[in-house]
Each structure stands twice: as structure tokens, then as C-alpha cells.
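Notes follow once the structure below has been shown.
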Amino acid sequence: MTELISVSDTMYGDSIRRVHRCRTDSALSSPIRLACDYIAMHLRAPLSLNTLAELTGCTGYYFSRMFKKEVGKSPADYITEKRIERARQL
């Protein structure tokens with residue numbers, strides 16, 4: 001049980017650091033920061049381009065182009081990368 005609590009605390013701390021990094025990165029616009037926060041908090045759930053676009057109030061096409069321009073990779077690639085990072089930590 002102690003080990004589970006330790007893992008949970010580690011995951012929580014990592015999540016907080018990631019969200020903070022997304023929020024303080026001045027290169028990211030508000031909609032993209034919002035999407036990064038949402039992705040970080042919902043890595044286990046199915047995430048679609050349409051869900052992220054609706055969350056930010058953009059069309060799917062516009063959101064995808066804006067995300068790639070600011071983050072440097074497509075939303076799908078970013079989500080995959082974050083899921084792999086999380087799996088490595090576990």
C-alpha cells in the first residue's frame with residue numbers, strides 16, 4: 001500500500017509540473033495551453049482532434065495547424081509522446 005501511495009504522489013507531482021510548464025511557456029497561446037493541460041490530465045481517456053478543438057473553441061483544421069505551429073508536432077504525435085512518457089514513468 002505504501003508503494004502505491006508513493007507512485008500516486010510521484011504521478012501527481014509530475015502532472016502538476018507538466019501543467020505548470022505548459023501554463024508558463026509564453027510561446028504557447030491560451031487555447032494551446034488549455035489543450036496541453038487537458039491532454040496531461042486525460043492521457044488514459046480517448047482523445048480526439050475534435051474534442052480538443054471543441055475545448056478550445058476552434059475548428060479541427062485550425063486547431064491542428066495552430067497546435068503544430070506552436071508545439072512543433074501534430075496533436076496526435078504530442079498525445080502519443082506524452083502517453084509513452086507516462087508509460088516509462090510507470
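Just so you know, all these numbers are worked out from the coordinates, no wet-lab data involved. The structure presented is a predicted model; accordingly, all values stated were derived computationally and were not measured. All Cβ positions, even for glycine, are placed from backbone atoms using ideal geometry, and neighbour counts span all protein chains on display.
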Subject >> Extent along principal axes [Cα atoms of region 1-83; Å; largest to smallest] >> reply: 46, 27, 19
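How big is the C-alpha Rg of region 37-90 next to the rule-of-thumb value 2.2 N^0.38 Å, as a ratio?
Working: Rg = 11.2 Å, N = 54, 2.2 N^0.38 = 10.0 Å.
Here the Cα radius of gyration is 1.12 times the empirical estimate.
To the nearest 20 debye, what charge dipole does the chain have about its Cα centre, counting +1 at the Cβ of each Lys and Arg and -1 at the Cβ of each Asp and Glu?
Working: 14 positive and 10 negative charges, 49 e Å.
For the chain, the charge dipole is close to 240 debye.
Compute the relative contact order of the chain as a whole-number percentage, counting only Cα pairs closer than 8 Å that sit 6 or more residues apart in sequence. The partial results should precede the final answer.
Numbers: 54 pairs, mean separation 20.8, N = 90.
Reported relative contact order: 23 percent.
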Original post:
Quick one: Karplus J couplings for region 38-45, per residue in order, coefficients 6.51, -1.76, 1.60, θ = phi - 60°, nearest Hz, x for Gly and Pro?
Top reply: 4, 4, 4, 8, 10, 4, 7, 8
